[in-house]
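Engineer: Sharing a structure here in structure tokens format.
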Amino acid sequence: MSKFGGSRNNKSVPGISSGSLSDIVFMLLFFFMVTTQMRETENKVIVKLPEATEAAKLERKDLSANINIGSPTRQYQAMYGTDARIQLNDSFKTIDDIRDFIASERDAMSEADRSLMTVNLRVDEDVRMGIVSDVKQELRRCSALKIMYASRKPGGDK
Amino acid sequence: MAKKTPEINSSSTADIAFLLLCYFLMTTTMGDQSGLQRRLPPIPDKETAQDQKVNRRNIVIVRINSADKLFAGNEAMDISLLKDKMKEFLSNPADSPELPEKEEKEIEGKKYMVSKGVISLQNDRGTSYQAYIAVQNELVKAVNELRDEFSMREFGRRFHLLSEDQQDIVKKVVPQNISEAEPKDTGKK
């Protein structure tokens, strides 16, 4: 029966040591801790970024302010409809709130970094340009001129 | 001599680590912050309305209408042709009088011919964002390819392999002059 010619009928298999399991899991844990960042806000709008082959990485992630534009997610559609809405921080806002939002984001930064602030426009690909133009005009009025059209590289996931 | 201490059962550390792992998986996101960076023009003052004086040959208007149709100059165009058209416009290889003029500029002690061309991107309120980004992407690609070509000529290496100082020079010689015009009020939403 036994392949290795063991004449002894030793049926007991040595138990697999699970001591290194925790090391493996810890390694996974550290990987995720390093490569991910805290999700600061809950997404209330659906944002499927458009594809762009020339997308460049943002160097200073901490200096960006996010503006999400898209149609509300399922649970909010009853209340807000399916038209494209603006989400700042954690709630639905209108164009007029952008000024306050930019001001508060600026205040949160140190003096030297304020001029480097990039407004990251995360806009769903099905949104019409009208609302985006309005946001851009408002940003110009707030003199937050550095913007980035968030987009993903084709082929990459999300 | 020493008292034998009973071994601590370590099989549950894996469970603890799994819990931590799940926590981080839930609360964090992958950093996917990439995109096309742009500078918006500042709101023009009333007295400085001299922007209008840009020479006709130095500007090309790229329009996307509400049906996502693309017009470059005055002709309808497919998006696949836009990049080459813009490259021709920005580099003006044959010094044609219809294409933008070039200006000799001294950058870091050397003289280069810098094109004065400006691409003006206009869109309708009904343009879809996807089409808009696709066009933006083509324009950026045109500029990036011109920069690559110039870097190969000048430094013998591609743009992204150059040192930071060299990249600055290339950026000055091949500027990214894409202007996003004020939205046209076409009335329909």
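Engineer: Under the condition of being of a type outside the set (Lys, Arg) and more than 9 Å from chain B (Cβ to nearest Cβ), which residue from the stretch A:41-50 is nearest to A:GLY155 (Cα to Cα)?
Structural biologist: Among those that are of a type outside the set (Lys, Arg) and more than 9 Å from chain B (Cβ to nearest Cβ), it is A:VAL47.
Engineer: Okay, next question. Taking the conditions exactly as written (surrounded by fewer than 14 Cβ atoms within 10 Å (Cβ to Cβ) and under 17 Å from the mean Cα position of the chain (by Cα)), does B:ASP84 satisfy them or not?
Structural biologist: yes
Engineer: Now, a different point. Could you tell me which residue of the stretch B:136-177 is nearest to the other protein chains (Cβ to nearest Cβ), considering only residues that are farther than 22 Å from B:LYS116 by Cβ and assigned to a helix (DSSP H, G or I)?
Structural biologist: So the first thing to find is which residues in the stretch B:136-177 are farther than 22 Å from B:LYS116 by Cβ, and the list is B:137, B:152, B:155-158, B:160-166.
Remaining after also requiring assigned to a helix (DSSP H, G or I): B:137, B:152, B:155, B:160-161, B:164-166.
Values: B:ASN137: 4, B:MET152: 18, B:PHE155: 20, B:HIS160: 10, B:LEU161: 15, B:GLU164: 12, B:ASP165: 17, B:GLN166: 18 Å.
By that ranking, first place goes to B:ASN137.
Engineer: Further, regarding this structure: Which is on the phi < 0 side of the Ramachandran plot, modelled with pLDDT of 85 or more and more than 14 Å from chain B (Cβ to nearest Cβ), of A:PRO14, A:PRO72?
Structural biologist: None of the other options fit; the residue is A:PRO72.
Engineer: Taking the condition touching a residue at least 40 places away in the same chain (Cβ under 8 Å) and over 16 Å from the mean Cα position of the chain (by Cα), does B:SER120 pass?
Structural biologist: When the stated conditions are applied, B:SER120 does not pass them.
Engineer: Within the group A:THR53, A:THR35, which residue is modelled with pLDDT of 85 or more and at the interface with another protein chain (Cβ under 8 Å from one of its Cβ atoms)? Outline the logic, then answer.
Structural biologist: Values: A:THR35 fails: modelled with pLDDT of 85 or more.
Unique residue meeting the criteria: A:THR53.
Residue by residue, here is whether (1) among the acidic types (Asp, Glu); (2) under 27 Å from A:PRO154 (Cβ atoms) holds:
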site	(1), (2)
A:THR36	no, yes
A:LYS61	no, yes
A:ALA65	no, yes
A:SER71	no, yes
A:ILE102	no, no
A:ASP107	yes, no
A:SER110	no, no
A:ASP113	yes, no
A:VAL119	no, yes
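To keep it simple, each residue is scored yes or no on (1) surrounded by fewer than 17 Cβ atoms within 10 Å (Cβ to Cβ); (2) assigned to a loop (DSSP other than H, G, I, E, B); (3) at pLDDT 80 or above.
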{"site": "B:SER80", "(1), (2), (3)": "yes, no, yes"}
{"site": "B:GLU88", "(1), (2), (3)": "yes, no, yes"}
{"site": "B:ALA94", "(1), (2), (3)": "yes, yes, no"}
{"site": "B:GLN122", "(1), (2), (3)": "no, no, yes"}
{"site": "B:GLY126", "(1), (2), (3)": "yes, yes, yes"}
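Engineer: Can you name the strands (runs of 3 or more DSSP E) wholly within the stretch A:59-158 that have at least 1 residues being surrounded by fewer than 17 Cβ atoms within 10 Å (Cβ to Cβ)?
Structural biologist: Where strands (runs of 3 or more DSSP E) fall fully within the stretch A:59-158 and carry at least 1 residues being surrounded by fewer than 17 Cβ atoms within 10 Å (Cβ to Cβ), they are A:91-93.
Engineer: Any residue that is free of Cβ contacts under 8 Å to residues at least 40 places away in the same chain, under 19 Å from B:ARG39 (Cα atoms) and not aromatic (Phe, Trp, Tyr) - is there at least one of those in the stretch A:67-89? Let's see the steps before the verdict.
Structural biologist: Kept after step one, since they are free of Cβ contacts under 8 Å to residues at least 40 places away in the same chain, are these residues of the stretch A:67-89: A:72-83, A:88.
Retained after the next criterion (residues that are under 19 Å from B:ARG39 (Cα atoms)): none.
Within the stretch A:67-89, none of the residues are free of Cβ contacts under 8 Å to residues at least 40 places away in the same chain, under 19 Å from B:ARG39 (Cα atoms) and not aromatic (Phe, Trp, Tyr).
The values are calculated or read from the model by the stated rules, or taken from the named source; none is laboratory data. Note that the coordinates shown come from a computational prediction; the quantities given were computed from them, not determined experimentally. Heads up, the Cβs are rebuilt from the backbone with ideal geometry, glycines too, and the neighbour counts pull from every protein chain shown.
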